[in-house]
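*Asks:* Could you have a look at this structure, given as C-alpha cells, before my questions?
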Amino acid sequence: MKTEKKKYHLLQVIARIIPIQVKSAPFNCLLENCLAVMNGLSFALAVVATQRLFDAVSDAASGKAGYGDCVFRLLMLAAVTFGQQIINGIQNFHGMGVLLPKSAGRLTALIHNKIKRIDPVKFEDTDFLDNLNKAKEGVRAITMFCMLVFACVSFYGIYFVAIGVYLFRLKPMLIVTLLLAFIPAMLAQIFNVRIFAGLEEESAPLRREYDYYKKAICDREYFKETRILGAFHFFYNLYENTLKVLTGKVWKAERKVALLQLMLDFTTFAGMAASAYMLFTATMSGEITAGMFAAVFAALTQIFAIMQEVVKQHMGNMNRDIGKVVNFIRLLDMPERGGREGEIDFTGGIAAENISFRYPGRESFSVKDVSVNIGEKETIAIVGENGAGKSTLVRLLTGIYLPTQGKVSIGGLDTAEYAPASVYKGISGVFQKYQRYKMTLKENVAISDDTIEADDDKICSVLEEAGFEKDRIGLDDMLSPEYGGIDISGGQWQRVAIARGLYRVNGFIVLDEPTSAIDPIEETLVYKQFARLAEGKCALIVTHRIGSAKLADRIIVMDGGRIADMGTHDELISRPGQYAKMWEAQAGWYERA
C-alpha cells in the first residue's frame, strides 16, 4: 500500500533549499548575489543615463546646453553600459561555470550520505526506488532553482524596485500598468506549478523503465545475451513504447502551459500599449521632458522583455524543476536507521530469537519464526532450495535487514537498537551477487581499507588463499576494458570477490553462494579452504550445493522461510528428510572430492 506523500508549498520549498544551497557553497552564493545586485542596479542606471543623455541633446539643440555636456552624458552612458556587460559576463560565468558544478557535486555527496543512513530494506521498495530516481534528477535542479530564486530577489528585485521608483516619480499610473501586466502572468505560473509537479510524479517510474530497457539494449553486461537470443527488438519495443508514453505526458503538460502562455502574451501586449500611451500623453501635456519620454519609451521594451524573462522563462523553469526539488527534499526527510554506538564482541556469538521478516509491499513472510544461535568459533551452514529464504536469513543475521518480528543480536548488540556502523564492524562476506568494480585488481580487493595505502602483501596473500592466479595480472592492472584495462573470467571474478571478503578484518565471515561459476569439485576445495580460514571465528556458509555444507559444525535446512531441520551432516543424513534427499540427488557431483 502506498503511503500518502507530504505536500510541499513553494515558500516551504524555498525556505528548505536556500540554506542547503548556501551551505554547499557559501562564498559562491554570496558572490552570486552580490553580482546580481550590481547587475540589477546597472540596468536601472542605464535607463537614467539614457534619459540624461537625451535631455542634454534636447537642451543643446535649443541652446540651453553645450557640446561638452552631451559628450559627458554620452561617456557616462558608455561607462554604465560597459560595466553592465562586464558584470553580466562575470555573473554568467560564475553561475554556470563555478557555482552550478560545485554545488551539484556537494549535493550529490549529500544524497549519498543520506542513502548511507537509510534502512537497506528500502531498496526492496518500488516507491523508494522511484523517489531515489526523482531525487537524483533534483541534484542539478536544486542549484538551478536556487540561482533563479537569487536572481529574482537580487537582480530582478533590485531592478524592478529601482526602475519602479523612477517610473513612479515620472507618472504613478505607469506602476499600476506594469502590475496589471505582471500579476496575471504570476497567477498563470502558480497554476503551472501543479502541472509540472504532477508531471514529475508520473514521469519517475517511466524514466526508470526506459533507462533499464536502454541498458538491456546497449550495456556490455547485457548485449551478449540480447544479441545471441535475438532479444534486441524485444527490448527496443519496450523502450520505444515507454518513451512514447513519457513524451505523451510531457506533451499534455506542455500544451496546458502553452495555452496559459498565450494569455500571458496578450496581457503583456496590453500593458505595454497602455504604458506607451500614458508616456505619450504625459509628454504632450508637459508632465515629463522629451528626454524622459525617449529614455522610458526605449526602456519599455527592455522592461517588458525582462518581465517576460522572469515570468515565462525563469518562473517557468522553476515550475518545471519544483517537482524534482521536492523529491530531493522528500529524500532528505526520509527516516534514517539510527541507534547508539557500541563495541561488538563476537565471543557472544550471533543469536536470532523468533525472527520473521516481510519485504515491503508483500503480504507473505520470507522468513517465519526462525531461532538460531551461532556460537563463538562455530561454523553454521544454511542449505535449501532456491527461494527457501536462505539469503534473507543471512541479511538478518548480519544486521543488514531488521526483523519484522523478533530480535537479532550480533556480538552482544541488538541490531534494532545499535547503529549499523557498530553492528557491521568486524563482519565480512562474499555474496552471490558480488560486484565487478571497474577499478584495478588492488582496488577491487582492498575496498574495505580506508587507509591511504593498502597492504600489497596482504592483498597478494588473500588472492592466493582465494585461488586467484595472477601470473599475468598485476595489482595495478585495470579490470575493465571500458577504461583501457583487461577482462577476466567469471570464475576469476568470483575469486577476486572471495579475496575481497578475506581482506577485511573480521570476527564473523559469511559466504552466501559466491561460487556459482565454479564447478562442484573445485567449489568443495574453495569451501574447505574457507573452513580453514574461518577457524577461531563465527562463520556462516550459505549454499544450495550441500556437498560443501558437511564442512560446517551444524547445518540448518531451510524450507519455505522456516527451519525444516537442524543438525550435523551425519545426523541429517541418517534420518529421512529434505537434507537426505538433496544429498542423494547431488552426491554424484562430489564423488571425486
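The values are calculated or read from the model by the stated rules, or taken from the named source; none is laboratory data. Computed from a predicted structure; not experimentally measured. Quick reminder, even Gly has a Cβ in these numbers, built from the backbone with ideal geometry, and neighbours come from all protein chains shown. All accessible areas refer to the heavy atoms of the entire protein, side chains included, with ligands and DNA or RNA removed. Shrake-Rupley method; radii C 1.70, N 1.55, O 1.52, S 1.80 Å.
*Asks:* For segment 23-37, how many residues meet the condition of being polar (S, T, N, Q) and within 15 Å of PHE93 (Cα to Cα)? It would help to see each step written out before you state the result.
*Replies:* Within segment 23-37, the subset polar (S, T, N, Q) is 24, 28, 33.
Still in the list and also within 15 Å of PHE93 (Cα to Cα): 28, 33.
Number of matching residues: 2.
*Asks:* Further question on the same structure: Identify all residues within segment 386-433 that are outside any loop (DSSP other than H, G, I, E, B), in contact with a helix residue (DSSP H, G or I) (Cβ under 7 Å, 6 or more places away or on another chain), touching a residue at least 60 places away in the same chain (Cβ under 8 Å) and not hydroxyl-bearing (Ser, Thr, Tyr); write none if there are none.
*Replies:* Once the filter is applied, which keeps residues that are outside any loop (DSSP other than H, G, I, E, B), in contact with a helix residue (DSSP H, G or I) (Cβ under 7 Å, 6 or more places away or on another chain), touching a residue at least 60 places away in the same chain (Cβ under 8 Å) and not hydroxyl-bearing (Ser, Thr, Tyr), segment 386-433 yields ILE410, LEU413, GLY429, VAL430.
*Asks:* Looking at segment 229-245 only, could you name the residues that are open to solvent by less than 50 Å² (accessible area, probe 1.4 Å) and outside any helix (DSSP H, G or I)?
*Replies:* Within segment 229-245, just ALA231 meets the criteria.
*Asks:* Let me ask another. Please go through (1) over 27 Å from ILE344 (Cα atoms); (2) assigned to a loop (DSSP other than H, G, I, E, B); (3) not small (Gly, Ala, Ser) for LEU463 and return the number of the only condition it doesn't satisfy.
*Replies:* The one condition LEU463 does not meet is (2).
*Asks:* Output the number of the condition that THR415 fails; it satisfies all remaining conditions of (1) within 20 Å of ILE355 (Cα to Cα); (2) open to solvent by 10 Å² or more (accessible area, probe 1.4 Å); (3) among the hydroxyl-bearing types (Ser, Thr, Tyr); (4) under 28 Å from the mean Cα position of the chain (by Cα).
*Replies:* (2)
*Asks:* From VAL153, VAL161, VAL149, VAL165, grab the single residue that is assigned to a helix (DSSP H, G or I), open to solvent by less than 70 Å² (accessible area, probe 1.4 Å) and of a type in the set (A, V, I, L, M, F, W, C).
*Replies:* VAL149
*Asks:* Can you name the residue in segment 434-450 that is touching a strand residue (DSSP E or B) at 6+ places or on another chain (Cβ under 9 Å) and not in a helix (DSSP H, G or I) and, of all such residues, is most open to solvent (accessible area, probe 1.4 Å)?
*Replies:* LYS438
*Asks:* Kindly check whether there is at least one residue in segment 13-30 that is at pLDDT 85 or above, within 19 Å of ARG106 (Cα to Cα), in contact with a His (Cβ under 8 Å, 6 or more places away or on another chain) and open to solvent by less than 80 Å² (accessible area, probe 1.4 Å).
*Replies:* Yes: one or more hits.
*Asks:* Here are some residues: ARG358, ARG340. Which one is modelled with pLDDT of 85 or more, among the charged types (D, E, K, R) and within 30 Å of ARG16 (Cα to Cα)?
*Replies:* Working: ARG358 fails: within 30 Å of ARG16 (Cα to Cα).
One residue alone meets the criteria, ARG340.
*Asks:* Would segment 92-108 turn up any residue that is within 29 Å of GLY164 (Cα to Cα) and surrounded by 18 or more Cβ atoms within 10 Å (Cβ to Cβ)?
*Replies:* Yes: segment 92-108 contains one or more residues that are within 29 Å of GLY164 (Cα to Cα) and surrounded by 18 or more Cβ atoms within 10 Å (Cβ to Cβ).
*Asks:* Using the structure shown, decide if LEU332 is surrounded by fewer than 20 Cβ atoms within 10 Å (Cβ to Cβ), modelled with pLDDT under 80, within 30 Å of SER203 (Cβ to Cβ) and of a type in the set (A, V, I, L, M, F, W, C).
*Replies:* On the way: surrounded by fewer than 20 Cβ atoms within 10 Å (Cβ to Cβ): yes; modelled with pLDDT under 80: no; within 30 Å of SER203 (Cβ to Cβ): yes; of a type in the set (A, V, I, L, M, F, W, C): yes.
The answer is no for LEU332.
*Asks:* Output the residue which, of all residues in segment 574-593 that are aliphatic (A, V, I, L, M) and surrounded by fewer than 19 Cβ atoms within 10 Å (Cβ to Cβ), is modelled with the highest pLDDT.
*Replies:* If we filter segment 574-593 for residues that are aliphatic (A, V, I, L, M), which is where we start, we get 580, 582, 585, 587, 593.
When the remaining residues are screened for being surrounded by fewer than 19 Cβ atoms within 10 Å (Cβ to Cβ), the result is 580, 585, 587, 593.
Working: ALA580: 85, ALA585: 79, ALA587: 68, ALA593: 46.
Here the answer is ALA580.
*Asks:* Going through segment 471-498 one residue at a time, which ones are at pLDDT 80 or above, over 23 Å from ILE509 (Cβ atoms) and open to solvent by 50 Å² or more (accessible area, probe 1.4 Å)?
*Replies:* ASP476, ASP477, MET478, PRO481, GLY484, ILE486, ASP487, SER489
*Asks:* Taking the stated definitions as given, is VAL430 at pLDDT 85 or above, open to solvent by less than 60 Å² (accessible area, probe 1.4 Å) and at negative phi? Walk me through how you get there before you give the answer.
*Replies:* Working: at pLDDT 85 or above: no; open to solvent by less than 60 Å² (accessible area, probe 1.4 Å): yes; at negative phi: yes.
No, not satisfied.
*Asks:* Could you grab me the full set of residues in segment 332-346 that are assigned to a helix (DSSP H, G or I) and either under 14 Å from LYS122 (Cα atoms) or within 27 Å of the chain's Cα centre (by Cα) (or both)? Walk me through how you get there before you give the answer.
*Replies:* So in segment 332-346, the residues assigned to a helix (DSSP H, G or I) come out as 332-333, 346.
Selection gives LEU332, ASP333.
*Asks:* Same structure again: Looking only at residues that are part of a loop (DSSP other than H, G, I, E, B) and closer than 17 Å to ARG395 by Cα in segment 539-558, which one is least open to solvent (accessible area, probe 1.4 Å)?
*Replies:* From segment 539-558, those part of a loop (DSSP other than H, G, I, E, B) are 543-548, 552-553; that's our starting set.
Checking which are closer than 17 Å to ARG395 by Cα leaves us with 543-544.
Details: THR543: 3, HIS544: 68 Å².
Only one residue fits best here, namely THR543.
*Asks:* Something else: Is there any pair linking a residue in segment 561-575 that is within 11 Å of LYS550 (Cβ to Cβ) and touching a residue at least 24 places away in the same chain (Cβ under 8 Å) to one that is open to solvent by 40 Å² or more (accessible area, probe 1.4 Å) and of a type in the set (A, V, I, L, M), with Cβ under 7 Å and at least six apart or on different chains, and which?
*Replies:* Going by the 7 Å Cβ cut-off, there are no qualifying pairs.
*Asks:* Taking the stated definitions as given, is LYS23 within 25 Å of THR143 (Cβ to Cβ), part of a helix (DSSP H, G or I) and of a type outside the set (Val, Ile, Thr)? I'd like the intermediate steps shown before the answer.
*Replies:* Numbers: within 25 Å of THR143 (Cβ to Cβ): yes; part of a helix (DSSP H, G or I): yes; of a type outside the set (Val, Ile, Thr): yes.
Criteria met by LYS23.
*Asks:* Restricting to segment 368-407, count the residues that are more than 22 Å from TYR527 (Cα to Cα) and of a type in the set (D, E, K, R).
*Replies:* Of the residues in that region, 3 qualify.
*Asks:* Ok, one more. Determine which member of the set ASP457, ASP471 is assigned to a helix (DSSP H, G or I) and out of contact with any Lys or Arg (no Cβ under 8 Å at 6 or more places or on another chain). Outline the logic, then answer.
*Replies:* Details: ASP471 fails: assigned to a helix (DSSP H, G or I).
The conditions single out ASP457.
*Asks:* Mind checking which residues of segment 246-299 are closer than 30 Å to ASP321 by Cβ, in contact with a helix residue (DSSP H, G or I) (Cβ under 6 Å, 6 or more places away or on another chain) and open to solvent by 50 Å² or more (accessible area, probe 1.4 Å)? Full working, then the answer.
*Replies:* Filtering segment 246-299 for residues closer than 30 Å to ASP321 by Cβ gives 246-272.
Okay, now just the ones that are also in contact with a helix residue (DSSP H, G or I) (Cβ under 6 Å, 6 or more places away or on another chain), so 246, 249, 253, 256-257, 260, 264, 267-268, 271-272.
The answer is LYS249, LYS256, MET272.
*Asks:* Determine if segment 95-111 includes at least one residue that is more than 30 Å from THR281 (Cβ to Cβ) and basic (Lys, Arg).
*Replies:* Looking only at segment 95-111, we keep the residues that are more than 30 Å from THR281 (Cβ to Cβ), and these are 95-111.
Cutting the leftovers down to basic (Lys, Arg) gives us 102, 106.
Yes, there is a match, as at least one residue in segment 95-111 is more than 30 Å from THR281 (Cβ to Cβ) and basic (Lys, Arg).
*Asks:* Name the single residue that is farthest from LEU77 (Cα to Cα) among those in segment 23-66 being free of Cβ contacts under 8 Å to residues at least 24 places away in the same chain and within 25 Å of the chain's Cα centre (by Cα).
*Replies:* Looking at the filtered set, the residue picked out is LYS23.
*Asks:* If I filter segment 54-74 for residues that are at pLDDT below 85 and under 30 Å from VAL326 (Cβ atoms), do I get at least one hit?
*Replies:* no
*Asks:* Please determine, by comparing only the residues of segment 53-83 that are more than 29 Å from MET38 (Cα to Cα) and charged (D, E, K, R), which one is least open to solvent (accessible area, probe 1.4 Å).
*Replies:* Top of the filtered list is ASP59.
*Asks:* Looking at PHE123, is it buried (at least 20 other Cβ atoms within 10 Å of the Cβ), of a type in the set (Phe, Trp, Tyr) and in a helix (DSSP H, G or I)?
*Replies:* It is false that PHE123 is buried (at least 20 other Cβ atoms within 10 Å of the Cβ), of a type in the set (Phe, Trp, Tyr) and in a helix (DSSP H, G or I).
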